[in-house]
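Read the structure below first, then the notes.
The values are calculated or read from the model by the stated rules, or taken from the named source; none is laboratory data. Being a predicted model, the structure only gives us computed values, none of them experimental. Using ideal geometry, Cβ is built from the backbone for each residue, glycine included, and neighbour counts are taken over all protein chains shown. SASA here: full protein model, heavy atoms, side chains in, ligands and nucleic acids out. Shrake-Rupley method; radii C 1.70, N 1.55, O 1.52, S 1.80 Å.
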Amino acid sequence: MWRIPVGRGCNWNLLSEREKFGGIFLFFGGFEQMFSSGTDSVGENSGVSGSDLILTRFVWPYGGRRVFLTGSFTRWSDHRQMSPVEGCPTVFQAVCSLTPGHHQYKFYVDGEWRHDEQQPFVNGNYGIVNTLFLADTSFRSSMDVDNDAFPRIVTVSDGILQDAAPRISEADIQISRHRISVFLSSHTAYELLPESGKVIALDVNLPVKQAFHILYEQGIPVAPLWDFYKGQFVGVLSALDFILILRELGNHGSNLTEEELETHTISAWKEGKIQLNRQLEGQARTFQRRLVHAGPYDSLQDVALKILQNEVSTVPIIYSSSQDGSFPQLLHLASLSGILKCIWRHFRHSSSSLPILQQPVCAIPLGTWVPKIGESNGRPLAMLRPNASLTSALSLLVQAQVSSIPIVDDNDSLLDIYSRSDITALAKDRAYAQIHLDEMSIHQALQLGQDATSPCGFLNGQRCQMCLRSDSLQKVIERLANTGVRRLVIVEAGSKRVEGIISLSDVFRFLLGVG
């Protein structure tokens with residue numbers, strides 16, 4: 001494969017604090033509890049075993065040159081120097097091992113005693129001091145699976161003990177997003193190019209039937225389209241196109257017949273698709289969307305944003321040595337999976353630099369979840385039974401604008417998953433011409449794909465990847481960074497009851513802070 005000698009130098013310009021965080025300063029001060037089990041660190045209060053200590057992170061987010069922490073846990077005599085957070089020089093932090101119970105603390109900033117007005121405070125023997133209560137968490141219920149997987153945090157509000165899910169601080173989110181943004185902005189799409197491999201493009205005059213045979217045989221869900229007469233790439237053909245074609249074939253009022261499909265070109269289908277969208281959306285004029293692509297010099301952040309903002313699965317990386325863009329060369333198909341691999345390779349040995357990685361996914365605004373009883377907000381999670389018709393699955397994939405649907409039993413326990421790319425299995429031996437979509441069940445459709453001698457790459461052996469609500473974001477990212485994994489189904493431990501789903505786009509929308 002032809003390579004371009006693209007430089008990888010960092011052109012990132014350090015922005016001001018307000019520019020870094022979109023006009024939001026880090027107003028989350030005070031403390032954060034991090035429960036330890038069997039830690040070797042020793043608390044200030046003697047006679048307490050390591051397993052009874054609670055790691056507590058104190059944060060001073062209001063700036064200063066030198067900041068110290070002191071409190072009842074240091075007998076008000078030892079002043080702990082706080083360290084500035086990397087990338088956020090106005091935020092200082094310190095971690096202490098504290099015993100359960102009541103504590104008081106105060107900050108010494110540039111020679112002046114200060115307290116955090118955003119945290120609880122009282123007037124005590126040492127003036128105005130912040131207060132903190134840490135509950136004893138040594139008791140764990142053996143019946144609660146999730147409690148063993150992530151910390152149980154107990155707080156006090158108005159004198160009443162209340163259970164609380166682990167909370168992720170806005171400071172940790174902004175710090176992590178900033179560091180990821182710096183990395184993505186200083187690395188280019190060139191780094192996504194594999195050492196060796198092939199990139200398949202289809203001519204727009206190729207029959208649709210033959211095109212989908214190629215997608216199936218090559219085990220790829222999408223391919224760029226080349227127009228010989230225009231001398232440029234003009235679009236992509238994806239599994240979604242095949243779904244729309246099959247739905248159109250099943251429509252009795254359709255102008256497209258199975259006989260025409262044998263000779264129907266990709267170009268003719270794309271023109272017909274515009275007319276179809278015009279009918280469905282009721283628009284007077286519908287224009288064909290221009291090809292979304294990127295160049296090898298574009299930053300990884302720009303590529304990721306193009307994928308998210310245009311709601312596409314891949315972006316072709318195209319290079320042309322001429323200024324007018326003639327003689328373009330297709331180098332690679334960039335995806336969120338490839339970009340996530342770059343992020344994981346860079347941060348996996350320094351995961352502590354991204355505080356959000358240790359948070360359980362249930363504490364992060366991430367993914368689509370089954371709503372709890374009484375909840376009406378958020379979009380519902382689409383699920384189907386295995387005996388549901390293939391027609392209903394295809395309609396749901398299109399109407400709900402999702403890339404996959406969990407297949408569950410009567411108890412909502414996960415059995416399998418049906419994805420857009422699974423539809424290409426119907427291209428083998430013209431199976432689409434021999435079946436009726438409303439008569440074939442999802443179970444039968446999945447068996448059709450599994451029973452066939454699938455070529456290398458098809459389904460990639462990673463059909464149903466799962467995680468628990470208590471799994472850390474780091475574990476989720478590590479799994480999604482594997483080739484072929486595009487989503488994780490969140491299940492309940494033991495029963496495998498579906499609780500939600502996390503896709504690659506969900507992770508990137510959270511990491512980049514885009515809606």
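See the values below:
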read-out	value
Members of segment 483-499 found to be under 13 Å from the mean Cα position of the chain (by Cα) and not β-branched (Val, Ile, Thr), listed by number	ARG486, ARG487, LEU488
Residue under evaluation ILE274, criteria (1) in contact with a strand residue (DSSP E or B) (Cβ under 6 Å, 6 or more places away or on another chain); (2) modelled with pLDDT under 85; (3) not charged (D, E, K, R), criterion not met	(1)
Single residue of segment 60-91 satisfying the filter (in a strand (DSSP E or B) and touching a Gly at 6+ places or on another chain (Cβ under 7 Å)) that is most open to solvent (accessible area, probe 1.4 Å)	THR90
Subset of segment 306-344 (residues that are touching a helix residue (DSSP H, G or I) at 6+ places or on another chain (Cβ under 7 Å), aliphatic (A, V, I, L, M) and outside any strand (DSSP E or B))	ILE307, LEU308, LEU336, ILE339, LEU340, ILE343
Set SER176, SER196: member being out of contact with any strand residue (DSSP E or B) (no Cβ under 9 Å at 6 or more places or on another chain), of a type in the set (S, T, N, Q) and open to solvent by less than 20 Å² (accessible area, probe 1.4 Å)	SER176
From LEU291, LEU333, residue being at pLDDT below 90 and either touching a strand residue (DSSP E or B) at 6+ places or on another chain (Cβ under 7 Å) or of a type in the set (Phe, Trp, Tyr) (or both)	LEU291
Residue check for ASP146: among the charged types (D, E, K, R) and at pLDDT 85 or above	no
Residue pairs meeting the criteria (Cβ under 8 Å; at least 6 apart or on separate chains; first within 17 Å of GLN309 (Cα to Cα), in segment 327-346; second surrounded by fewer than 18 Cβ atoms within 10 Å (Cβ to Cβ) and charged (D, E, K, R))	none
Subset of segment 495-504 (residues that are open to solvent by 40 Å² or more (accessible area, probe 1.4 Å) and among the polar types (S, T, N, Q))	SER495
Tally of residues being modelled with pLDDT under 90 and either under 23 Å from GLY500 (Cα atoms) or of a type in the set (D, E, K, R) (or both) across segment 338-350	1
Residue within segment 351-365 that is under 22 Å from VAL476 (Cα atoms) and at pLDDT below 85 present	yes
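One line per residue, one yes/no per condition, for (1) among the polar types (S, T, N, Q); (2) open to solvent by 30 Å² or more (accessible area, probe 1.4 Å):
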residue: PRO371; (1), (2): no, yes
residue: ALA393; (1), (2): no, no
residue: LEU397; (1), (2): no, no
residue: ASN411; (1), (2): yes, yes
residue: LEU414; (1), (2): no, no
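Residue by residue, here is whether (1) modelled with pLDDT under 90; (2) touching a strand residue (DSSP E or B) at 6+ places or on another chain (Cβ under 9 Å); (3) among the small types (Gly, Ala, Ser) holds:
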residue	(1), (2), (3)
PRO371	yes, no, no
GLY374	yes, no, yes
PRO380	yes, yes, no
PRO386	no, yes, no
LEU390	yes, yes, no
LEU397	yes, yes, no
ALA400	yes, no, yes
ILE407	no, yes, no
ASP412	yes, yes, no
